[in-house]
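Down below is the structure, laid out as structure tokens.
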Amino acid sequence: SPGPGALLLSMSGDQIRRNIKAALDTSPYFDGVNNHMGSRMTRDAHIMETVLSELKGRGLFFIDSMTTNESKGWKVARELKIPTLKRDIFLDDDPSAEAIRSQIARLVKIAKIRGMALAIGHPHKTTLRSLQEEAAHFGEKGIEIVAVRDLINK
């Protein structure tokens, strides 16, 4: 079970809107949203339009985790003129410290080439420790960690 408040393919547009509204009403401190699970849902442009329209009405951004290469989230968000980005790197698909450090190195390369890069990870001890250790060297590499809300507005 994905848990309470999950969005399911079997839901109507009204049910999806109600669940999103209920989730977003839990706090006034959201700047944006990203998808965590639901790659089948993100492949459906109509469903993504329903989801993203609620975000647009609240002035929130959308980060497409790109859990599938067929995701329509980023494209639909752009069409709706919602601030949006796609993730470049999953930090901890492989939760080993060595793999995470390798992903961080890839992230740095992407950032140097494009001027920015977006990573997504989990708050696991190994991920956090690896990030902390590697981030200590970011300044000398010309890399700065910024909040997503700042990155999306660049």
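Out of all the residues in region 24-46, which are farther than 20 Å from S71 by Cβ and either in the same structural domain as A119 (by TED's automatic domain parsing) or of a type outside the set (S, T, Y) (or both)?
Once the filter is applied, which keeps residues that are farther than 20 Å from S71 by Cβ and either in the same structural domain as A119 (by TED's automatic domain parsing) or of a type outside the set (S, T, Y) (or both), region 24-46 yields L24, D25, P28, F30, D31.
Is it the case that region 61-70 has a residue that's in a loop (DSSP other than H, G, I, E, B), hydroxyl-bearing (S, T, Y) and within 20 Å of V146 (Cβ to Cβ)?
Within region 61-70, one or more residues are in a loop (DSSP other than H, G, I, E, B), hydroxyl-bearing (S, T, Y) and within 20 Å of V146 (Cβ to Cβ).
Within region 123-141, is even one residue in contact with a strand residue (DSSP E or B) (Cβ under 8 Å, 6 or more places away or on another chain), hydrophobic (A, V, I, L, M, F, W, C) and part of a helix (DSSP H, G or I)?
No, region 123-141 contains no residue that is in contact with a strand residue (DSSP E or B) (Cβ under 8 Å, 6 or more places away or on another chain), hydrophobic (A, V, I, L, M, F, W, C) and part of a helix (DSSP H, G or I).
Does H46 satisfy the criteria of being outside any helix (DSSP H, G or I), over 20 Å from M116 (Cβ atoms) and out of contact with any strand residue (DSSP E or B) (no Cβ under 8 Å at 6 or more places or on another chain)?
no
Of the residues K112, K81, K75, only one is assigned to a loop (DSSP other than H, G, I, E, B) and either closer than 30 Å to A45 by Cα or in contact (Cβ under 8 Å) with a residue 24 or more places away in the chain (or both); which?
K81
The values are calculated or read from the model by the stated rules, or taken from the named source; none is laboratory data. Bear in mind the structure is a predicted one, so any value in this text is a computation, not a measurement. Here Cβ is always computed from backbone atoms with ideal geometry, including for glycine, and neighbour counts include all displayed protein chains.
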